[in-house]
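Worksheet for the structure shown next.
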């Protein structure tokens, strides 16, 4: 899998911003990607050194609108710990 296919988008929430002090960033990644692929993709896309990767599968929620019900898609989240000297510029302005 190519780097731009592994990392779908950055994941910005209040909880993920708490990890910024610990040099952690969160991304939505491809559901079939493993930790090694995620680490290599982040390193090549952003030019940073990755120390560790923690992944979790997030189950989609059941949603209703009136009498119609549906389900959001399942997805995978990766929390990446960067080395102290590395930073991703996208997260600096947030």
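Coordinate-derived values only; no laboratory data. Everything numeric here is computed off the predicted structure, so don't read it as measured data. FYI the Cβ positions are ideal-geometry reconstructions off the backbone, even for glycines, and counts take in every protein chain you see.
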### Summary
Output row, site residue 85, 7 Å Cα→C-beta label point, backbone N cut-off 11 Å, window the range 42-58, residues 49
### Query
So what is the calculated 222 nm ellipticity per residue for the chain, using -39500 (n - 2.57) for each DSSP H run with n of 4 or more, over all residues, to the nearest 500 deg cm²/dmol?
-6000 deg cm²/dmol
### Spread of Cα-to-Cα distances over 10 Å intervals beginning at zero, given as percent, for the range 1-72
16, 44, 25, 12, 3
### Query
Remind me, relative contact order of the range 3-84 in percent, using alpha carbon pairs under 8 angstrom and six or more residues apart?
35 percent
### Query
If one takes the longest principal axis of the Cα atoms in the chain, at what angle in degrees, from 0 to 90 and to the nearest 10, does the Cα axis of helix 35-46 lie?
70 degrees
